[in-house]
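Here's the structure, in structure tokens; my notes come after.
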Amino acid sequence: MTSTSQTSSNAMWGGRFAAGPDAIMEAINASIGFDKRLYAQDIQGSRAHAAMLAATGIISDSDARAIGEGLLTVLSEIEAGNFPFRTELEDIHMNVEARLKEVIGEPAGRLHTARSRNDQVATDFRLWVRDQADAAMAGIEALMRALLDQADRGADWVMPGFTHLQTAQPVTWGHHMMAYVEMLGRDLSRFRDARARMNECPLGAAALAGTSFPIDRHMTAAALGFDRPAANSLDAVSDRDFALEFLSAAAICAMHLSRLAEELVIWSSAQFRFVILSDRFSTGSSIMPQKKNPDAAELLRAKIGRILGAMVALFTVMKGLPLTYSKDMQEDKEQVFDAADTLMLSLAAMEGMVRDMAANRPALEAAASAGFSTATDLADWLVRALGLPFREAHHVTGTLVRMAEEKGVDLPALSLDDMRTVHEGITEDVFAVLGVHNSVASRQSYGGTAPDQVRAQVARWKEVLG
């Protein structure tokens with residue numbers, strides 16, 4: 001038994017099939033449920049194609065005008081929410097073209113001259129991903145500016161630097177914030193590089209071999225903001241590197257956001273109290289009234305899973321495909337759509353958290369002074385002042401740390417006499433390097449944690465971002 005939709009032929013296919021696909025085939029074959037997100041890019045590409053067809057004399061100027069105006073009518077219907085998307089028409093391309101025919105009649109049939117859905121979808125998808133790369137770069141820059149504000153404000157606030165999540169050496173709050181600026185700067189460059197590579201236009205490659213019509217591919221490429229037309233028609237319709245590069249850059253960026261989110265979760269805990277997150281990005285507990293949970297940070301910490309999963313999924317789809325287009329490639333969009341949405345939400349949420357969060361300066365300084373964080377400064381002083389080989393200085397410092405542990409004090413609290421029992425050459429001058437402020441101020445090497453170095457890097461990045 002077949003339904004009416006199953007027995008009616010699909011006019012858009014012409015006469016190739018006597019009957020339409022059954023319900024299961026229609027469901028698995030249709031992509032309109034998700035690729036309708038490409039409507040603006042599809043209409044943009046079609047208008048550029050129609051204008052080129054008229055300019056090269058392939059269709060008349062009057063038909064091109066009717067097509068261009070009709071496509072704007074379709075665009076307005078979609079944006080107003082009045083467009084009836086139809087599953088039996090499979091995808092956004094056929095839905096738009098069918099509606100265009102209803103609006104302008106016979107000239108609509110000339111729009112698809114010298115192109116295929118293969119180069120059409122490749123163009124639409126590339127335009128969409130390019131837009132998302134631009135949005136991602138804007139989101140990254142906004143987050144970088146929020147981090148720069150934090151770094152500028154706390155360029156000389158001391159805090160513990162960690163290795164293995166154990167206190168290592170004192171650093172500054174500004175220096176820590178700037179580490180994420182550097183990470184995001186690399187993310188920014190990856191999206192810029194990917195955008196430059198993807199900016200080639202597939203339109204005009206047709207199904208796979210190009211076309212015998214005298215089209216002007218440079219004209220359509222320029223009209224759509226591409227740098228050039230894609231140089232090989234086989235590659236043009238089968239390439240999804242641009243989507244894979246976008247996902248790769250998005251996954252690395254999401255990983256960086258996850259690392260920062262993890263630190264915010266730790267720092268906002270009662271055990272650390274390094275930061276106070278705003279109520280806008282925190283929630284309470286249904287049973288414990290004292291709780292203030294960093295839920296936004298926890299969710300951000302997990303978003304990498306979705307984006308990395310999307311990247312792996314598309315790599316898996318593409319890994320064994322022969323040239324050129326295969327229907328497998330219909331599975332390219334949902335993963336990218338979800339990853340792009342997730343990344344933009346994550347960037348916006350992290351920017352909000354960073355802008356709103358307040359560093360607890362007293363808690364940061366107290367933690368920086370604990371855990372023998374100036375032990376390396378002591379070892380360096382022994383090398384500079386007494387001429388000890390570093391390995392011997394390391395041993396002397398380790399002995400003094402053990403002594404301080406046994407006494408239950410930090411290194412600056414040891415007396416000079418205590419220190420001289422380990423090495424008789426130690427003088428009063430050693431105490432000048434044991435304070436955390438002295439420690440961070442001494443780290444004047446390029447890229448170091450000294451406040452002057454931090455402010456210089458803040459100024460450099462502000463100039464870069466403009």
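A few points about this structure:
- Fraction of accessible area attributable to carbon and sulfur, the stretch 63-150 (%, probe 1.4 Å): 46
- Packing here is the average count of other Cβ atoms within 10 Å per residue, and on that basis the peptides 382-388, 450-456, highest first, run 450-456, 382-388.
- Placing one equal scatterer on every Cα of the stretch 418-466 and applying the Debye formula, the log10 ratio I(q)/I(0) at q = 0.30 Å⁻¹ is -1.00.
- Take the chain with all the other protein chains still there, run a 1.4 Å probe, and you get 46 Å² of accessible area per residue.
- Rounded to the nearest 500, the helix-only mean residue ellipticity at 222 nm of the chain stands at -19500 deg cm²/dmol, with each DSSP H run of n ≥ 4 adding -39,500 (n - 2.57).
- Violating pairs (Cα-Cα greater than 27 angstrom) within the set K36/K327; K303/K333; K101/K319: K101/K319
- Amide H partners (placed H, <5 Å) of C201, local residues excluded: R228, A230
- The protection proxy used here, the mean number of other Cβ atoms lying within 10 Å of each residue, ranks peptides 197-203, 428-434 as follows, highest first: 197-203, 428-434.
- C-alpha long axis of helix 92-104 to longest principal axis of the chain, angle in °: 40
- For the stretch 309-375 versus the stretch 83-159, the gap between their alpha-carbon centres in whole angstrom: 20
- Loop-resident chymotrypsin sites (Phe, Trp or Tyr not before Pro) (DSSP state other than H, G, I, E or B) in the stretch 98-182 with no more than 10 further Cβ atoms inside 10 Å of their Cβ are absent.
- GluC sites (Glu not before Pro) lying in DSSP loop within the stretch 341-424, provided at most 14 other Cβ fall within 10 Å: E424
- Ranked order, K303, K333, K327, K101 - accessible area, probe 1.4 Å, largest first: K101, K327, K303, K333
- Computed accessible area, H423, all protein chains, 1.4 angstrom probe, square angstrom: 40
- As a size descriptor, the averaged projected area of the C-alpha convex hull of the chain was calculated at 31.1 nm².
The values are calculated or read from the model by the stated rules, or taken from the named source; none is laboratory data. Because the structure is a prediction, the values reported are computed rather than measured. FYI the Cβ positions are ideal-geometry reconstructions off the backbone, even for glycines, and counts take in every protein chain you see. Ligands, DNA and RNA are excluded from the accessible area calculation, which covers all protein heavy atoms including side chains. Shrake-Rupley method; radii C 1.70, N 1.55, O 1.52, S 1.80 Å.
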